[in-house]
Amino acid sequence: MQPYNLPDEFGHFGQFGGTFVAETLIEALDELKEMYSKYKDDPEFVAEFHSDLKHFVGRPSPIYFAERLTKQAGGAKIYLKREDLNHTGAHKVNNTVGQALLAKRMGKPRVIAETGAGQHGVATATIAARLGLECVVYMGSEDVKRQSPNVYRMKLLGATVVPVESGSKTLKDALNEALRDWVTNVSNTFYIIGTVAGPHPYPMMVRDFNSVVGRECLDQMPEIANKQPDVVIACVGGGSNAMGIFYPYIEHKNVKLIGVEAAGEGIETGKHAAPLTSESKIGVLHGNRTYLMQNSEGQIIETHSVSAGLDYPGVGPEHSWLKDSGRASYVAIKDDEALEAFHNLCQVEGIIPALETSHALAYAQKLAADMSPEEVILVNLSGRGDKDINTVANISGISL
Amino acid sequence: MSKIKITFEKLKELNKSALIPFITAGDPSPTETVSLMNTLVENGADMIELGIPFSDPMADGPVIQRASERALKNKVGIKDTIKLAKDFRKKNKETPLILMGYANPIEAIGVENFISLIKEAQIDGVITVDYPPEESKEFVKKLNKEKIDSIFLISPTTEDERIKLIAKQASGFLYYVSLKGVTGAANIDIEQVSKNVKNIQKYSELPVAVGFGVRDPKTAKAVSEISDGVVIGSRIVREIEESDEIEIISNVKKLMHSMKTAIDSSSV
Ligand SMILES: Cc1ncc(COP(=O)(O)O)c(C=O)c1O
């Protein structure tokens with residue numbers, strides 16, 4: 001078997017990925033590539049990264065056997081990788097710690113980030129505070145409304161939150177705005193992208209930093225479940241939590257990898273955020289080539305999901321590759337199914353999951369029911385749902 | 001020889017720099033695009049850059065972003081942009097016409113299809129903002145085959161080795177982005193621009209046009225003295241945005257006139 005060694009030196013995963021940016025950013029990306037390849041195997045850098053993950057983030061995160069959830073589904077055993085227990089409440093922090101340490105090595109005093117749900121913004125603001133870096137977070141004005149607790153959290157941490165009013169006022173527009181900032185302030189600014197999208201080397205680098213999740217699972221699963229999982233499930237917005245847990249399992253060919261996109265109000269309604277499941281066309285956005293929700297003339301179309309973190313018209317290029325190569329498969333879960341899974345996990349396991357994560361949970365329950373009790377499903381519980389309680393209360397007609 | 005090249009050579013003989021205005025197709029409305037283009041030519045444009053509206057114009061500042069949004073509201077996308085260019089060509093066969101846009105709309109309608117449509121519309125050059133040379137070799141080959149120029153951006157951060165690489169793949173002219181930033185951003189540092197343009201000229205025979213921060217006649221004049229062309233985008237688009245509907249044409253005329261006068265008064 002050939003070892004998996006993507007992307008190539010130009011950031012291509014087959015026909016996906018690459019570097020599709022204006023010339024102004026090329027120099028910055030070249031510098032980043034150079035610095036990342038210099039430090040990624042540097043023993044001191046790696047030691048500092050892991051020390052921060054241990055002492056500041058609280059890693060390793062446990063794997064938890066969801067016994068009551070398993071019983072309820074009535075099939076395969078369901079295990080949860082508890083990224084919700086990380087400091088700041090989601091997997092996002094793994095990557096943020098890595099990139100911020102790199103920013104420090106590169107002598108950049110200012111970091112910027114885009115955020116959808118606010119989890120990546122909070123994680124970036126947190127690390128920036130700790131390292132004494134100036135921090136500016138771009139957030140679509142729609143998301144500022146949806147995720148107000150996280151907006152306040154970022155402000156408490158000393159970050160400046162800039163609401164983005166252009167386009168659809170969500171994650172993709174925040175990413176555009178962050179890229180514009182970066183072009184303008186490229187000499188003193190490090191752009192910490194929050195998912196496995198963007199131009200090379202971001203999809204690779206964000207994956208690498210997040211793959212601590214999957215590597216821990218490789219060690220933990222035999223201990224707690226006496227075997228590696230039969231299926232690994234993760235939600236997919238841009239795809240960083242999914243890549244983080246999938247990546248170390250790619251060469252374990254008998255482990256099925258399933259990504260769960262947001263079907264919003266239903267794929268057939270067009271109101272969703274599921275470029276892979278809805279068989280969107282391939283296109284170019286935010287610096288890479290990938291499957292992309294767009295109209296016939298290449299305009300990016302508005303997405304819909306109850307969860308801000310999944311509300312993105314594209315998907316990390318490596319997922320497009322994994323889909324086409326057949327190594328991973330992708331499904332979609334609707335808003336109402338995700339909400340049901342959200343409430344269910346609260347009540348059955350005493351864990352409030354993020355709405356993003358709830359998509360993965362909903363699918364895991366469905367799938368478990370069709371599997372045998374000897375089989376094992378591992379779900380990446382990518383984040384906690386504290387940030388979502390206003391949204392959920394609103395939907396339930398409760399004002400807090 | 002391409003119309004773009006011919007135009008630059010003619011101007012060079014006169015010791016002049018080209019005035020290259022930019023507008024977004026379909027802004028403020030598709031019915032006005034062709035008359036705006038004619039106004040630009042009548043008032044001194046040596047070439048025109050026509051922007052293809054895109055939902056996610058990541059290299060553009062707020063002014064051109066809003067123009068893109070207005071055009072998209074008017075349902076003008078890449079196909080209508082090419083149609084408008086074709087309409088313009090019915091009367092004007094001479095003025096070089098350059099399309100400026102992003103990769104996704106081009107790929108969405110298909111590269112081959114795009115090229116055959118723009119050939120039919122007699123478009124002379126294409127700038128694809130997010131196609132750096134490494135990712136656009138095939139595209140450029142296909143454009144070259146149809147004798148359409150591929151114009152590339154060079155930025156203040158582009159290193160010499162890369163300038164060589166870009167110059168090798170480019171034709172028509174090189175577009176020097178005069179500042180670190182998006183279109184329409186802060187004022188430019190003429191001395192710095194002058195130094196960098198000279199540096200680019202060391203590596204390429206192609207004309208060098210400068211754009212991204214030219215907002216007033218004084219800057220236009222200064223830029224024209226150190227380069228082969230002056231691109232004026234956001235300033236014109238802003239004029240369109242801020243003018244009352246019935247005054248758009250006359251205001252753009254005035255603005256172009258002031259820029260042209262400034263450029264013509266310069267000694268190259
Ligand atoms: C808890 C949680 N899970 C998942 C996501 C989706 O991002 P990704 O697909 O990059 O993991 C987010 C994004 O904000 C998130 O906060």
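Annotations for the structure displayed:
- Tensor-based shape of the stretch A:309-381 (alpha-carbon gyration tensor, a/c under 1.5 rounded, otherwise prolate or oblate): oblate
- Within the same chain, aspartates and glutamates fewer than 8 places from residue A:253 are excluded, and of the rest, those with a Cα less than 19 Å from its Cα are A:216, A:219, A:230, A:318, A:324, A:374, A:375.
- Relative contact order of chain B: 23 percent, from C-alpha pairs under 8 Å at least 6 residues apart in sequence.
- Considering chain A at the alpha-carbon level, its Rg and Dmax are found to be 19.3, 56 Å.
- Those aspartates and glutamates that a straight Cα-Cα span of less than 13 Å connects to residue A:387, excepting residues fewer than 8 apart in one chain: A:84, A:143, A:356
- Magnitude of the charge dipole, the stretch A:177-326, Cβ model with Lys/Arg +1 and Asp/Glu -1, debye to 20: 260
- Our coupling estimate for the stretch A:219-229, obtained by passing each phi through the Karplus curve with A = 6.51, B = -1.76, C = 1.60 and θ = phi - 60°, is 6, 7, 4, x, 5, 8, 10, 6, 6, 6, x Hz, Gly and Pro reported as x.
- Listed by chain and number, the aspartates and glutamates whose alpha-carbon sits under 17 Å from that of residue B:168, ignoring those within fewer than 8 places in the same chain, are A:23, B:134, B:135, B:138, B:149, B:159, B:160, B:205.
- Around residue A:60: net Lys/Arg minus Asp/Glu count, Cβ-Cβ under 15 Å: -1
- Fraction of C-alpha pairs exceeding 20 angstrom in the stretch A:275-400: 52 percent, rounded to a whole number.
- Selection from B:209, B:51, B:187 lying farthest towards where the dipole of the stretch B:3-264 points positive, charges on Cβ: B:209
- Only beta bridges with both residues in chain A are counted; by DSSP, about 35 percent of them are antiparallel.
- Viscosity 0.692 mPa s, temperature 37 °C, Stokes-Einstein D of the stretch A:1-43 from Kirkwood C-alpha radius, µm²/s: 272
- Out-of-range pairs (alpha-carbon distance over 29 Å; input B:5/B:221; B:83/B:164; A:33/A:172; A:169/B:180): B:83/B:164
- Which of A:100, A:186, B:258, positive extreme of dipole for the protein assembly as shown (C-beta unit charges): B:258
- Taking every alpha-carbon pair under 8 Å whose residues sit at least 6 apart, the stretch B:103-228 reaches a relative contact order of 20 percent.
- Taken one residue at a time, the phi angles of the stretch A:343-359 give Karplus couplings (6.51, -1.76, 1.60, θ = phi - 60°) of 4, 4, 5, 4, 7, 8, 10, x, 10, 8, x, 5, 4, 4, 4, 4, 5 Hz. Gly and Pro are set to x.
- Theoretical gain in end-to-end length, residue A:267 to residue A:42 [0.36 nm per residue, Cα-Cα removed]: 76.5 nm
- The residues of the stretch B:134-153 listed by number as losing at least 40 Å² of accessible area in the complex, against the isolated chain and with a 1.4 Å probe, are B:135.
- For the stretch A:228-284, the mean projected area of the C-alpha convex hull, equal to one quarter of the hull surface, is 4.8 nm².
- Modelled FRET efficiency - R0 22 Å, residue B:264 with residue B:6, Cβ distances, 0.05 increments: 0.65
- With at most 15 neighbouring Cβ atoms within 10 Å, loop chymotrypsin sites (Phe, Trp or Tyr not before Pro) (DSSP) excluded, longest segment of chain A: A:11-400
- Among the GluC sites (Glu not before Pro) in the stretch A:297-392, those located in a DSSP loop and surrounded by at most 12 other Cβ atoms within 10 Å of their own Cβ are A:374.
- Cα-projected label distance for residue A:389 with residue A:366, points at 7 Å along beta-carbon direction, nm: 3.0
- When trypsin sites (Lys or Arg not before Pro) are flagged only if DSSP places them in a loop and at most 14 other Cβ atoms lie within 10 Å, the longest unflagged stretch of chain A comes out as A:1-226.
- Contact surface A-B: accessible area buried, both sides summed, square angstrom, 1.4 angstrom probe: 2900
- Each peptide in B:51-63, B:107-119 receives the mean, over its residues, of other Cβ atoms within 10 Å, and ordering these scores from highest gives B:51-63, B:107-119.
- Pairs exceeding a 19 Å alpha-carbon distance, out of B:91/B:141; B:12/B:260; B:90/B:119; B:90/B:141: B:91/B:141; B:90/B:141.
- Listed residue pairs exceeding 24 Å between alpha carbons, taken from A:38/B:137; B:218/B:253; A:271/A:366: A:38/B:137
- Length-normalised contact order of chain A in % [C-alpha pairs under 8 Å, at least 6 apart]: 21
- A simple count of charges around residue B:107, restricted to other residues whose Cβ falls under 9 Å of its Cβ and scoring Lys, Arg +1 and Asp, Glu -1, yields +2.
- Scattering profile of the protein assembly as shown at q = 0.07, 0.12 Å⁻¹ [log10 I(q)/I(0), Debye over alpha-carbon scatterers]: -0.47, -1.19
- With K and R counted +1 and D and E -1, the other residues having a Cβ less than 14 Å from that of residue B:7 yield a net charge of -2.
- The Cα center of the stretch A:15-45 and the Cα center of the stretch A:323-380 differ in position by 34 Å.
- Test item: B:99-107 mean partner chain Cβ contacts at 10 Å: 5
- Rounded to the nearest 20 debye, the dipole size of the protein assembly as shown about its Cα centre is 740 debye, using +1 on the Cβ of Lys and Arg and -1 on the Cβ of Asp and Glu.
- Neighbour cut-off at most 15 other Cβ (10 Å), DSSP loop, GluC sites (Glu not before Pro), the stretch A:1-33: A:9
- Centre separation in Å (Cα based) which lies between the stretch B:40-63 and the stretch B:196-226: 18
- Taking the 1.4 Å solvent-accessible surface of the protein assembly as shown as the whole, the part contributed by carbon and sulfur is 50%.
- In chain B, Rg over Rh equals 0.93, where Rg is the alpha-carbon radius of gyration and Rh the Kirkwood radius from pairwise Cα distances.
- Remark: the stretch B:3-264 carries a charge dipole of roughly 580 debye about the Cα centre, counting +1 on each Lys and Arg Cβ and -1 on each Asp and Glu Cβ.
- Taking B:13, B:241, B:42 in turn, the Gaussian network model of chain B (Cα-Cα springs below 10 Å) assigns the largest fluctuation to B:13.
The values are calculated or read from the model by the stated rules, or taken from the named source; none is laboratory data. These figures come from a predicted structure and were not determined experimentally. All Cβ positions, glycine included, derive from the backbone under ideal geometry; neighbour counts span all protein chains shown. All accessible areas refer to the heavy atoms of the entire protein, side chains included, with ligands and DNA or RNA removed. Shrake-Rupley method; radii C 1.70, N 1.55, O 1.52, S 1.80 Å.
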